[in-house]
Amino acid sequence: MAGKEQRDSDSEAAPPTLGVGMVGYAFMGAAHSQGWRTAGRVFDLPLRPVLAAIGGRDAVAVRAAAAKHGWAAAETDWRTLVTRDDVQLVDVCTPGDSHAEIAIAALEAGKHVLCEKPLANSVAEAEAMVAAAEAAAARGQVAMVGFNYRRVPAIAYARRLIAENRIGALRHVRVTYLQDWLVDPDFPLTWRLEREHAGSGALGDLGAHAVDLAQYLAGEPLVGVSALTETFVRERPLLAGASTGLSATGSNGRGPVTVDDAALFTGRLASGALASFEATRMAAGRKNALRLEINGERGSLAFDLERLNELSFHDHTEPAASAGFRRILVTESAHPYLEAWWPPGHALGYEHTFVHQARDIVHAVASGNTAPAPSFADGLQVQRVLAAVEESAEKNAVYTPVPGSAG
Ligand code: SOE
């Protein structure tokens, strides 16, 4: 199985290594590389991640990515990468259409797996991945899905406060995730706008984070949803060359956008709490505005990713005259993940979530925790919610208000 970690020969004190092989080298590949490079230098880890090999189809580009991000070797065939002897953990950072095939092959080759979100492009693929992960868990392998925002210290701390009953029984979970990179109708047709590659649009890309966070923070699943989705710009310029991150250049021809630009939905959590979600790439001026507010019978919590070192907390049991939202600066060593970083007030950012993710999966591998969070089963549950949202939006049960006298 995958745990044949090697002990460093030149230092008795050094922890054994964990060889990582990563497939994909674009935006998420760069972010995950950062995590693998840094985790063992900041946290005391039981295994030291080694960036063994990076994989991608374009030989020149993947070699350049290896040099830039610090990978020892480059592979152009992921099948070779997932069977390398120096790779014990495979990190899948490709578009969603190849997650299932690569993750399942890696698990069957005896490797631990970290897979980017959303877990897959369909419920059927996600189910197959869960089955492969369960079989692999029996052999001691770990499979985790990369919902990195769980690793924002303020979000992990919010979860702790909710679990400690500091805001009581939940009434509302409100999550909005707003970006604006599709406002320009001439932004080209990248893979993120093609159903065959991305599965869905803002829904799977941003809504998946929103759903995962709602269920993670509440500690319970969504049991029903009702949705609206829209594709505002239905044709876009074809892509000229490669896209990097969220930027791309278009050519003269145009092609159809086959995913949603925006998804709005409401839901009910198992406890009866009501949830609402908005995921869009059409919110002019909003760059990466993931915001959430949770209201319980004893208080409320609010978070904004664009101020990610802060958590707002209102304790409704305090005297009304002095109660109110107060800002907690989540940079104390007592806060999640902060014990290894900087002195209080020295803030963290987006990239640190990937360092924390690497830290967490290394601990799971080292301790033999084959039920890490978020697991492939958690990814499947999110996938089921996304599918239910699409089904509800398709059925489009819209009720027209009876004309009244207002307005
Ligand atoms: C692009 O919309 C994107 O990079 C997502 O794919 C990520 O999951 C999100 O964290 C930031 O935005």
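Taking the condition in contact (Cβ under 8 Å) with a residue 12 or more places away in the chain, within 16 Å of the ligand (Cβ to nearest atom) and surrounded by 15 or more Cβ atoms within 10 Å (Cβ to Cβ), does Ala227 pass? Even if it seems obvious, please write down each step before you answer.
On the way: in contact (Cβ under 8 Å) with a residue 12 or more places away in the chain: yes; within 16 Å of the ligand (Cβ to nearest atom): no; surrounded by 15 or more Cβ atoms within 10 Å (Cβ to Cβ): yes.
No, not satisfied.
Of the numbered conditions (1) closer than 30 Å to Thr38 by Cβ; (2) within 16 Å of the ligand (Cβ to nearest atom); (3) surrounded by 12 or more Cβ atoms within 10 Å (Cβ to Cβ), Ile328 satisfies every one except a single condition; which is it?
All conditions are met except number (2).
Being within 13 Å of the ligand (Cβ to nearest atom) and either surrounded by fewer than 20 Cβ atoms within 10 Å (Cβ to Cβ) or outside the structural domain of Gly56 (by TED's automatic domain parsing) (or both): is that true of Asn295 here?
On the way: within 13 Å of the ligand (Cβ to nearest atom): no; either surrounded by fewer than 20 Cβ atoms within 10 Å (Cβ to Cβ) or outside the structural domain of Gly56 (by TED's automatic domain parsing) (or both): yes.
Taking the combined requirement at face value, the residue does not satisfy it.
Tell me, yes or no, whether segment 38-47 has at least one residue that is touching a residue at least 40 places away in the same chain (Cβ under 8 Å) and more than 27 Å from Pro343 (Cβ to Cβ).
yes
Pairs please, first residue from segment 190-217 and within 16 Å of Leu274 (Cα to Cα) and assigned by TED's automatic domain parsing to the domain that holds Leu238, second anywhere and of a type in the set (Ser, Thr, Tyr) and within 11 Å of the ligand (Cβ to nearest atom), Cβ atoms under 8 Å, 6+ apart in sequence or on different chains.
Once the first residue is within 16 Å of Leu274 (Cα to Cα) and assigned by TED's automatic domain parsing to the domain that holds Leu238 and sits in segment 190-217, its partners that are of a type in the set (Ser, Thr, Tyr) and within 11 Å of the ligand (Cβ to nearest atom) give Ala210/Tyr177; Asp212/Tyr149; Leu213/Tyr149.
Among the residues of segment 155-182, what is the count of those that are farther than 17 Å from Phe325 by Cα and touching a Phe, Trp or Tyr at 6+ places or on another chain (Cβ under 9 Å)?
Going through segment 155-182 one residue at a time, the tally reaches 7.
Examine segment 42-57 for a residue that is more than 16 Å from the ligand (Cβ to nearest atom), under 20 Å from Leu246 (Cα atoms) and at pLDDT 95 or above, and state whether such a residue exists.
Taking every residue of segment 42-57 in turn, at least one turns out to be more than 16 Å from the ligand (Cβ to nearest atom), under 20 Å from Leu246 (Cα atoms) and at pLDDT 95 or above.
Going through segment 249-283 one residue at a time, which ones are touching a helix residue (DSSP H, G or I) at 6+ places or on another chain (Cβ under 7 Å) and hydrophobic (A, V, I, L, M, F, W, C)?
Val257, Val259, Ala262, Ala263, Phe265, Leu269, Ala273, Ala275, Phe277, Ala279
The rows are residues; the columns are (1) away from the ligand (no atom under 16 Å from the Cβ); (2) without any contact (Cβ under 8 Å) to a residue 60 or more places away in the chain; (3) assigned by TED's automatic domain parsing to the domain that holds Gly201.
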site	(1), (2), (3)
Thr94	no, no, no
Ile102	yes, no, no
Glu108	yes, yes, no
Lys117	no, no, no
Ala135	yes, yes, no
Val142	yes, no, no
Val145	no, no, no
Ala158	yes, no, yes
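Kindly indicate whether Leu308 is touching a residue at least 40 places away in the same chain (Cβ under 8 Å) and within 16 Å of the ligand (Cβ to nearest atom).
Considered against the rule, which asks whether it is touching a residue at least 40 places away in the same chain (Cβ under 8 Å) and within 16 Å of the ligand (Cβ to nearest atom), Leu308 comes out as yes.
Does segment 334-347 contain any residue that is within 16 Å of the ligand (Cβ to nearest atom), of a type in the set (A, V, I, L, M) and within 26 Å of Glu116 (Cα to Cα)?
No, segment 334-347 has no match at all.
Just to be sure I understand, how many residues within segment 243-260 are surrounded by fewer than 15 Cβ atoms within 10 Å (Cβ to Cβ), within 16 Å of the ligand (Cβ to nearest atom) and not polar (S, T, N, Q)?
Looking only at that region, the number is 1.
Any residue in segment 373-399 that is assigned by TED's automatic domain parsing to the domain that holds Asp91 and under 16 Å from Asp205 (Cβ atoms) sitting within a Cβ distance under 9 Å of a residue that is at pLDDT 95 or above and surrounded by fewer than 17 Cβ atoms within 10 Å (Cβ to Cβ)? List the pairs, counting only those 6 or more apart or interchain.
none
Listed residues Ala320, Ala270, Ala263; which is more than 30 Å from Gly40 (Cα to Cα) and crowded, with 21+ Cβ neighbours inside 10 Å? So that I can check it myself, show each step before the final result.
Numbers: Ala320 fails: crowded, with 21+ Cβ neighbours inside 10 Å; Ala270 fails: crowded, with 21+ Cβ neighbours inside 10 Å.
Only one candidate qualifies: Ala263.
The values are calculated or read from the model by the stated rules, or taken from the named source; none is laboratory data. A quick note: this is a predicted structure, and the numbers were derived from the prediction, not measured. Virtual Cβ from ideal backbone geometry, glycine too; neighbours counted across all protein chains shown.
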